[in-house]
């Protein structure tokens with residue numbers, strides 16, 4: 001990481017709100033395709049509610065530009081998420097390093113056997129991010145989104 005990139009463990013509503021207000025278009029389309037509405041405030045509240053110790057906000061030149069982490073879904077299974085602003089590219093490498101070197105080993109240590117993530121099929125950048133973290137395509141989810149957008153389901157086998 002350079003001095004311009006900072007990983008923040010204390011996630012605030014203000015940080016999440018800044019990221020959500022300035023979402024990359026592809027992230028906005030992906031996120032809201034899986035929600036009931038386009039309510040940014042609700043997205044901020046929901047993200048704040050689920051962002052626990054396995055989540056981080058990433059800052060570039062002291063501006064919050066991305067957030068990523070995992071959420072337990074059920075016994076042994078987590079769902080991974082990441083989204084950001086147009087400054088995403090400045091923090092993507094440290095996010096990948098943190099996820100590979102810190103998150104995945106801890107999940108394995110604590111007995112998680114599976115990770116999942118969905119990506120809008122058209123979101124090539126988001127899909128590449130998941131693949132760089134070791135996610136493998138498990139299924140194509142045709143017309144999965146609110147407006148019949150296609151998605152791709154990725155999975156990690158954490159017990160291998």
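Annotations
- The length gained on full extension between residue 157 and residue 71, counted as 0.36 nm times the residue separation minus their Cα-Cα distance, comes to 29.4 nm.
- Placing a label point 7 Å from the Cα of residue 34 along the Cα-to-Cβ direction, the residues of the range 59-96 whose backbone N falls under 16 Å of that point are 67-74, 77-84.
- Fully extended contour minus Cα-Cα distance, from residue 79 to residue 109, at 0.36 nm per residue: 9.1 nm
- Residues residue 101 and residue 142, FRET efficiency given R0 of 41 Å [Cβ-Cβ distance, rounded to 0.05]: 0.70
- Residue 122-residue 86 FRET efficiency (beta carbon distance; Förster radius 25 Å; 0.05 resolution): 0.90
- Choice from 68, 147, 123 showing the highest fluctuation, given a GNM over the chain with Cα pairs closer than 10 Å: 147
- Contour minus Cα-Cα distance for residue 46 and residue 25 (0.36 nm per residue): 5.6 nm
- Translational D in µm²/s for the chain (Stokes-Einstein at 10 °C, 1.306 mPa s, Kirkwood Rh from C-alpha pairs): 100
- Going by neighbour counts of Cβ atoms within 10 Å, the residues 87, 136 line up, fewest first, as 136, 87.
Coordinate-derived values only; no laboratory data. Predicted model, so just to flag it, every value in this text is computed and none were measured. Heads up, the Cβs are rebuilt from the backbone with ideal geometry, glycines too, and the neighbour counts pull from every protein chain shown.
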